[in-house]
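Trainee: The structure that follows is given in the form of structure tokens.
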Amino acid sequence: MADPRIYQVLLAGGADAGKGLAAARQLIAACGKPPVTISVWASLTPRTVAAVAPLLPREIMSADITLEPGALGGLAGVLRTGPRDHGWFLVQRASPFGGAMGVGSPHPSRADGSSATVSLDFGDDPVPEAIENGRFGRWLAALARAGLLPPAARPDRLMERFAAAFPQRPSVTRTSPRDPPPAPVAEGGVSAAARGWRAMRGDRDRYWPGACVLTVPVPPVTALGLAAPLLGPGGPVDFHGYYSPAVLGTAGLAGRLAAIGGATFVLDTTDGAGAGIDEPTLDALLGSVGDDLVCVDWQCDWPDAAPGYNGVQLTVNGAGNLHDDDPEHVPGLTTAYFTVHPRAARDGDRFAARLASQAGLRLAVAVGGPG
């Protein structure tokens, strides 16, 4: 399916969020149908998180921090006193083990506070090569020395069980749907699973596990402390925590996380449990975000249009939209766009001009999608 054609709406100079919102609603009214869903993506400051919390109590936000390994002790202190009903993980891309190494908590549905996940990315090494060249074994031995593996979980046995349970499989084709991955295997009190199946170096016809993920009988924050010396010699660490706005805001957690490093708190309602937000909530949200970057997407069913990426987008305090490229944070700037899927209108430019005219708006040149 081809990319959507994206059009920018010309707003009066200095147009604020209210004027941009009015223009977006004019386009939707010209469509003649209510939007299918309204979704929001936003990058918020700790102050705004607290203001947004009462509006979106069921949403889950991600707290994203890039920090140096030396700051892991401070992060562990925050996590130790924070809520335990939400998940988190961190990963070091430039790991001393030659691939990304990660530590985190299990999915909240499987978390009981007594176990953690530890992962190793194989990079371009198929599993047999990672065993033969000693990389897999060195990594497991380091985990054992750090106290992350129980004595019964012998590295040689773990490698043997992993290789047997997760062998190569044919690459995906259009006529051969991917089979579900094998179930995790247990060995010596540790559960091992494969993740990120992909083609490896020199082999484009078969998929190998991209990473080994171990669930170890160590509490998550304790596991972070034990893994910190293994992460110390490497590069920066990326942390991703998942919390409700209420927890981040009212418990002061957002501010404590932000004090560790350059924290970004991302709201994406398409990832939440609800089916989008309504217009009154959107009005209240935009009234609370100050200078923070917010992108609103109304998915629309244009008349005579096949399903696709048809809709209206509004970017507050920025330029760009999520269908074309990462929006740029520009406080005070409001930009409005709408998309027409090429299959939805054979002459997308004519369709766009007619829709804008019906809405009483003017268009800039098309800014994205096929030329």
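The values are calculated or read from the model by the stated rules, or taken from the named source; none is laboratory data. The shown structure was predicted, so the numbers you read here are calculated from the model rather than taken from an experiment. Quick reminder, even Gly has a Cβ in these numbers, built from the backbone with ideal geometry, and neighbours come from all protein chains shown. Note: areas computed on protein heavy atoms with side chains; ligands, DNA, RNA excluded. Shrake-Rupley method; radii C 1.70, N 1.55, O 1.52, S 1.80 Å.
Trainee: Note the full-extension length gain between A364 and Y242 as 0.36 nm times their separation in residues minus their Cα-Cα distance, in nm to one decimal.
Mentor: Difference between extended and current length: 40.1 nm.
Trainee: With a 10 Å cut-off between alpha carbons and a GNM built on the chain, which of L224, L11, L75 moves the most?
Mentor: Residue with maximal mean-square fluctuation among L224, L11, L75: L11.
Trainee: Same structure, new question: Rounded to the nearest 0.05, what FRET efficiency is calculated for E279 and A251 with R0 set to 30 Å and r the Cβ-Cβ distance?
Mentor: 0.50
Trainee: If you don't mind, another one. Rounded to the nearest whole Å³, what is the per residue volume of the convex hull around the Cα atoms of the chain?
Mentor: 154
Trainee: While we're here: With equal scatterers on the alpha carbons only and no solvent term, can you work out the Debye log10 of I(q)/I(0) for region 90-168 at 0.15, 0.27 1/Å?
Mentor: -0.58, -1.39
Trainee: Taking the Cβ-Cβ separation of R206 and T270 as r and a Förster radius of 30 Å, what is the calculated FRET efficiency to the nearest 0.05?
Mentor: The pair R206/T270 has a calculated efficiency of 0.35.
Trainee: In nm, to one decimal, how far is the modelled label at R110 from the one at V78, with both set 7 Å along Cα→Cβ?
Mentor: For the pair R110/V78, the computed spacing is 2.7 nm.
Trainee: Hey, in the GNM for the chain with a 10 angstrom Cα cutoff, which one of G210, G255, G360 fluctuates hardest?
Mentor: Sorting by GNM fluctuation, first place goes to G360.
Trainee: Search the structure for amide H atoms under 5 Å from the amide H of A116, placed 1.01 Å from N in the peptide plane, and list their residues when 5 or more places away or on another chain.
Mentor: Result for A116 returns V216, V218.
Trainee: With +1 on the Cβ of every Lys and Arg and -1 on the Cβ of every Asp and Glu, and nothing else charged, how large is the dipole of region 26-119 about its Cα centre, in debye rounded to the nearest 20?
Mentor: The calculated dipole for region 26-119 is roughly 160 debye.
Trainee: State in Å² the accessible area per residue of the chain; use a 1.4 Å probe, count heavy atoms of protein chains only, and round to the nearest integer.
Mentor: On a per-residue basis, the chain sits at 46 Å².
Trainee: Would you calculate the volume per residue, in Å³, of the smallest convex hull containing every Cα atom of region 1-100?
Mentor: 256
Trainee: For D349 and Q168 in one chain, what is 0.36 nm times their gap in residues minus the Cα-Cα distance, to one decimal in nm?
Mentor: Stretched fully, the D349-Q168 segment lengthens by 60.4 nm.
Trainee: Report the paramagnetic label zone for D325: residues of region 10-29 whose backbone N is under 15 Å from a point 7 Å from Cα along the Cα-to-Cβ axis.
Mentor: Inside the label zone: nothing.
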